[in-house]
Ligand code: SF4
């Protein structure tokens, strides 16, 4: 593997007790949003929560991540699949690159099938902007089921 990318993860504080199991598994297996690194080494250099609505920790935490060499921040899949999805997502996507010079990727692990089905029945993701937000994590049904 020729290149190595240093990444950090910010999770939704609703899941602040999460041990990162699905994100770390997906990182190891290069699934979901981490599939983009399938031909690269990846190093996780930061992991934290947004700090709770409206995400105040995102004003500060990326600075530490940058000091550890982070190049990319992944906003975890929980921001997409919570009920409701994070209402501040688009703001974070716009702010992080401008303030910290980091690339933002929406999502970490593949969307679990149970969330896929319920949000589908709720028509959560019908606006066009969701196409881009879900692109890295929608996966196929077999993979989604593996993350249920
Ligand atoms: S919904 Fe958004 S701002 Fe609120 S806790 Fe979750 S990630 Fe943070």
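The values are calculated or read from the model by the stated rules, or taken from the named source; none is laboratory data. Quantities reported herein were computed from a predicted structural model and do not represent experimental measurements. For neighbour counting, all protein chains shown are included, and Cβ atoms are generated from backbone atoms with ideal geometry for every residue, glycine included.
Please work out which residue is nearest to the ligand (Cβ to nearest atom), limiting yourself to the stretch 1-32 and to residues that are within 25 Å of residue 59 (Cα to Cα) and assigned to a loop (DSSP other than H, G, I, E, B). Among residues in the stretch 1-32 that are within 25 Å of residue 59 (Cα to Cα) and assigned to a loop (DSSP other than H, G, I, E, B), the one nearest to the ligand (Cβ to nearest atom) is 12.
Restricted to the stretch 58-71, and to residues there that are away from the ligand (no atom under 11 Å from the Cβ) and in contact with a helix residue (DSSP H, G or I) (Cβ under 9 Å, 6 or more places away or on another chain), the residue that is nearest to residue 4 (Cα to Cα) is 70. Considering the stretch 43-57, the residues that are part of a loop (DSSP other than H, G, I, E, B) and in contact with a helix residue (DSSP H, G or I) (Cβ under 6 Å, 6 or more places away or on another chain) include one that is farthest from the ligand (Cβ to nearest atom), namely 51. With the structure loaded, tell me whether residue 108 is over 24 Å from residue 48 (Cβ atoms) and either in contact with a strand residue (DSSP E or B) (Cβ under 6 Å, 6 or more places away or on another chain) or modelled with pLDDT of 95 or more (or both) or whether it fails that test. So residue 108 does not fit the description; no.
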